[in-house]
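Notes to accompany the following structure.
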Ligand SMILES: Nc1ncnc2c1ncn2[C@@H]1O[C@H](COP(=O)(O)OP(=O)(O)OP(=O)(O)O)[C@@H](O)[C@H]1O
Ligand SMILES: [Mg+2]
């Protein structure tokens, strides 16, 4: 089977005019297959966002990207900006780390959702409105009609994050990249959103890359985990492996600090998972 996304020896260099090049990503390799969710862990600055941005053509000319990033077998590095733009929002859904930066402050939310829908479908205006409302409801947004009329600054970070997840998943992408998708969302809503992501993964065999510091969230959605540190993959395996055999100090610390995860994990082993479902 061909991976949906395959990174091979991916390097990202920050090219300096007045200083030496800095290597931010130092040869990252991993693959994600249809219907699989890869969790990406790693301390702040380890290169999680940078790797995904490099693969998806979201870095400007100040960066050099080397190695290989393939989507469904096709090399992405070297594709034109237009080709990559068409891919993003269509076959590849991307949920970026900072929701505020993903919306244009000058346009109403409804117009921004409609623009994405129109660019990647042949739906009529009325269809788009109905689907926008359905999407907002799925993302647990109250009063969706009113929300369509709002400007980004009139909504909370958590609401924008949920709308972004809704937009990214609406096109039933083959690949969904979610960079810290639930940081601004309260625990109850987060639970529902993760359920929605799991449903999408199962129903559409979507391959997911789920970047998070939250071991609880990772444990719920990820089939496999890679840990990055200083631009390199330092650990990989399933959740059990990461909990018990992580070699990287940051991973160990994260595991130790998260006693609640351990508790939940033990309950899961004891067959009490139902209370969480
Ligand atoms: N726009 C930028 N210009 C220069 N360096 C950058 C830029 N963005 C990130 N970096 C650097 O690249 C490295 C990797 O950053 P990256 O954003 O990938 O980290 P991350 O693992 O996503 O961290 P976090 O968990 O905080 O989101 C860091 O050393 C960071 O300082
Ligand atoms: Mg990041």
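At-a-glance table
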item	result
Single residue of segment 43-54 satisfying the filter (part of a helix (DSSP H, G or I) and in contact (Cβ under 8 Å) with a residue 12 or more places away in the chain) that is nearest to ligand 2 (Cβ to nearest atom)	49
Selection status of residue 9, within 26 Å of residue 157 (Cα to Cα) and not in a helix (DSSP H, G or I)	no
Criterion: in contact with a strand residue (DSSP E or B) (Cβ under 7 Å, 6 or more places away or on another chain) and modelled with pLDDT under 90 - qualifying residue of 260, 223, 248	248
Test: residue in segment 210-217 that is over 25 Å from residue 88 (Cβ atoms) and out of contact with any strand residue (DSSP E or B) (no Cβ under 6 Å at 6 or more places or on another chain)	yes
Options 40, 28, 4; residue that is touching a strand residue (DSSP E or B) at 6+ places or on another chain (Cβ under 6 Å) and either over 22 Å from residue 252 (Cα atoms) or away from ligand 2 (no atom under 15 Å from the Cβ) (or both)	4
Selection count where residues are in contact with a helix residue (DSSP H, G or I) (Cβ under 8 Å, 6 or more places away or on another chain), part of a loop (DSSP other than H, G, I, E, B) and under 18 Å from residue 23 (Cβ atoms), scope segment 55-71	1
Verdict on residue 42 being modelled with pLDDT of 95 or more and surrounded by 15 or more Cβ atoms within 10 Å (Cβ to Cβ)	no
Verdict on residue 189 being in contact with a helix residue (DSSP H, G or I) (Cβ under 9 Å, 6 or more places away or on another chain), more than 18 Å from residue 39 (Cβ to Cβ) and modelled with pLDDT under 90	yes
Filter result for residue 96 (within 16 Å of ligand 2 (Cβ to nearest atom), under 28 Å from residue 238 (Cβ atoms) and either touching a residue at least 24 places away in the same chain (Cβ under 8 Å) or out of contact with any strand residue (DSSP E or B) (no Cβ under 7 Å at 6 or more places or on another chain) (or both))	yes
Single match in 200, 163 (criterion: more than 25 Å from residue 45 (Cβ to Cβ), in contact with a strand residue (DSSP E or B) (Cβ under 8 Å, 6 or more places away or on another chain) and more than 16 Å from ligand 2 (Cβ to nearest atom))	200
Residues (touching a helix residue (DSSP H, G or I) at 6+ places or on another chain (Cβ under 8 Å), within 9 Å of ligand 1 (Cβ to nearest atom) and within 22 Å of residue 72 (Cβ to Cβ)) located in segment 27-54	40
Residue check, residue 216 away from ligand 1 (no atom under 16 Å from the Cβ) and touching a residue at least 40 places away in the same chain (Cβ under 8 Å)	yes
Residues being within 14 Å of ligand 2 (Cβ to nearest atom), more than 22 Å from residue 66 (Cβ to Cβ) and in contact with a helix residue (DSSP H, G or I) (Cβ under 7 Å, 6 or more places away or on another chain) - total across segment 203-226	2
Matching option when the condition is buried (at least 19 other Cβ atoms within 10 Å of the Cβ) and either within 16 Å of ligand 2 (Cβ to nearest atom) or touching a residue at least 12 places away in the same chain (Cβ under 8 Å) (or both), among 73, 89	89
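The values are calculated or read from the model by the stated rules, or taken from the named source; none is laboratory data. A quick note: this is a predicted structure, and the numbers were derived from the prediction, not measured. All Cβ positions, even for glycine, are placed from backbone atoms using ideal geometry, and neighbour counts span all protein chains on display.
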